[in-house]
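Data block below; observations after.
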Amino acid sequence: MSQAPHRIVILGGGTAGWMAANLMVKQWRPERVQVTVVESPEIGIIGVGEGSTPTLKRFFKKIEVPESRWMPRCNATYKLNIRFAGWSPKSGADDYSHPFISQLDSFNERAFVVNCRTRRLGLDVTTRPDLFLLNGVLARQNKGPLTPASFPFRMEYGYHFDSGLLGQFLAQLAVGRGVRHLQAKVVAAERNAAGDIDHLLCADGARVEADFFVDCSGFTSLLLQQTLGVKFNSFKSNLFNDAAVVMPTDKSAQLPVETLSQALSNGWCWHIPLTNRTGNGYVYSSDFISADDAETELRAHLGMLDRDVPARHLKMKVGQLAQHWSHNCLGLGLAQGFIEPLEATALHLVQLSVEDFIRQYDEAEFSNRGQEAFNRSCSERFERVRDYIVAHYKLNSRNDSDYWRANRDHNNISDSLYQLLQVWFQQGDMAAEFARQKIDSHFGILSWHCLLAGYGTFPGLAAGQPGQGDLYHEREIGAFLQGCSLNFASHEQCLAQR
């Protein structure tokens, strides 16, 4: 007799739940693993404009969905860069860029790192990140990332999209590939004698049984926190922001290929360009500004004081679970943890968590043998992302509010972050420190140099400048990248040719 398929139930849809469903059904055919998504029709998806890292490009390639199929459905645009405005006025620059790193950047990586170290020694050399990295050059020219067949280097880029529409697209895709979709309001979960989750209890009295459960129930974390009692470790002591107010504005006349993160009085505002509108959101700390004042400030920033367009207010719980996989349950998305959206890491963390889980669970033949290794890896990933985000606030040079001063003055940083900053400010070797700490994170050494150089965290210039040693000019990097950019079309042309 054929063996019944292993049953996995995902509680909650949304982008995280349906991303997990698509990856699972791609890895395990329905005959082997039956995946069911249970979501309440009463709970809507938070459909704000959202940005991604290049990891999402790999996700769609893995599930074999071309850009031409999903991007128009989700009002998506290309994203090559994040531009930070007003975070460090003492740097002397209004803004700096963190471009996504592409294959061609290997030619200029060493020159950028060497120039940053030279500048840390007090010499006057070029250190703007976007001058060394191809996507930074393309972002200034508002060109898209698509290349002709003759261009021999792989481009890395992300996307801007409507997260609500993306969730709907992924739901339809997953159902078409064999995932079951059950609309029901789950009110509780029951455990068996071994302590595992046995079944979900729905409002109509129905029971949903499974061998394994995935908690995508948002910040409420019905399964992991409420049922299994897994502790939530807050990052509140070093990441102050806990709320956001969001509202759309009209579509930009020219669609940029970058997310703008603009510092405001008690937080920052994102501007995300979609093909039908611009998504905007003010991320702030409720300890320093009220929700009403934050909305007023956002409206003033956007020039929309008439209040014809309603704003939505969101709360955030920043931190991570002590265990992302406990008993027979995996947490994903907001249910596993959240690090504020400054570097668009939310879906990146979901995707890596699902991929790591699938590998561990498959190798262990659907047992918990890989649970300890998974939890260790997942926690480390969250902590290193947190450190990179914390550094944005810790290194700010604003003095216009108690919020910015408190972010700069607190000392609640990890040992890892402390050591990285020590090496930087003591003119040490950052690559050696990364190797010593065995840091394997999405934010590698180039990303850290973009942040630290972009903030202008350098000493004063030394007397008696030699007038040489600037690798940007000596190697004619500007001309090289300008020549490379001739292979690329405008953002609008790229969107039209998908």
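Within the range 319-353, can you find the residues that are under 16 Å from Ser217 (Cα atoms), of a type in the set (A, V, I, L, M) and in contact with a Ser or Thr (Cβ under 7 Å, 6 or more places away or on another chain)? Correct list: Leu332, Ala335, Leu347.
Filtering the range 283-297 down to residues that are open to solvent by less than 40 Å² (accessible area, probe 1.4 Å) and either within 19 Å of Asp402 (Cβ to Cβ) or polar (S, T, N, Q) (or both), which residue is nearest to the chain's Cα centre (by Cα)? Looking at residues that are open to solvent by less than 40 Å² (accessible area, probe 1.4 Å) and either within 19 Å of Asp402 (Cβ to Cβ) or polar (S, T, N, Q) (or both), I get Val283.
When the range 31-80 is examined, which residues are found to be over 18 Å from the mean Cα position of the chain (by Cα), part of a loop (DSSP other than H, G, I, E, B) and modelled with pLDDT of 95 or more? Correct list: Ile63, Glu64, Val65, Pro66, Met71, Asn75. Among the residues of the range 81-129, count how many are more than 19 Å from the chain's Cα centre (by Cα), open to solvent by 10 Å² or more (accessible area, probe 1.4 Å), hydrophobic (A, V, I, L, M, F, W, C) and under 22 Å from Ser490 (Cα atoms). Summing the residues that are more than 19 Å from the chain's Cα centre (by Cα), open to solvent by 10 Å² or more (accessible area, probe 1.4 Å), hydrophobic (A, V, I, L, M, F, W, C) and under 22 Å from Ser490 (Cα atoms) in the range 81-129 gives 0.
Based on what the data block shows, is Ala149 open to solvent by 40 Å² or more (accessible area, probe 1.4 Å), at pLDDT below 95 and of a type in the set (A, V, I, L, M)?
Criteria met by Ala149.
Does Arg7 satisfy being part of a loop (DSSP other than H, G, I, E, B), open to solvent by 40 Å² or more (accessible area, probe 1.4 Å) and on the phi < 0 side of the Ramachandran plot? It is false that Arg7 is part of a loop (DSSP other than H, G, I, E, B), open to solvent by 40 Å² or more (accessible area, probe 1.4 Å) and on the phi < 0 side of the Ramachandran plot. For the range 249-269, state whether one or more residues are more than 29 Å from Gly136 (Cα to Cα) and either at pLDDT 95 or above or of a type outside the set (Val, Ile, Thr) (or both). Checked against the condition, which is being more than 29 Å from Gly136 (Cα to Cα) and either at pLDDT 95 or above or of a type outside the set (Val, Ile, Thr) (or both), the range 249-269 yields no hits at all. Restricting attention to the range 438-455, the residues that are among the polar types (S, T, N, Q) and either modelled with pLDDT under 95 or open to solvent by 70 Å² or more (accessible area, probe 1.4 Å) (or both) add up to 1. In the set (1) buried (at least 19 other Cβ atoms within 10 Å of the Cβ); (2) under 30 Å from Ala76 (Cβ atoms); (3) at pLDDT 95 or above, the condition left unmet by Thr275 is number (1).
Scoring Met155 on the criteria (1) without any contact (Cβ under 8 Å) to a residue 60 or more places away in the chain; (2) at negative phi; (3) open to solvent by 50 Å² or more (accessible area, probe 1.4 Å) leaves a single failure, condition (3). The helices (runs of 4 or more DSSP H) found entirely in the range 342-427 that carry 1 or more residues being without any contact (Cβ under 8 Å) to a residue 12 or more places away in the chain and among the polar types (S, T, N, Q) are 415-425.
The values are calculated or read from the model by the stated rules, or taken from the named source; none is laboratory data. These figures come from a predicted structure and were not determined experimentally. In this analysis, Cβ positions are derived from the backbone assuming ideal geometry, glycine residues included, and neighbour counts consider all displayed protein chains. With ligands, DNA and RNA removed, areas are computed over all heavy atoms of the protein, side chains included. Shrake-Rupley method; radii C 1.70, N 1.55, O 1.52, S 1.80 Å.
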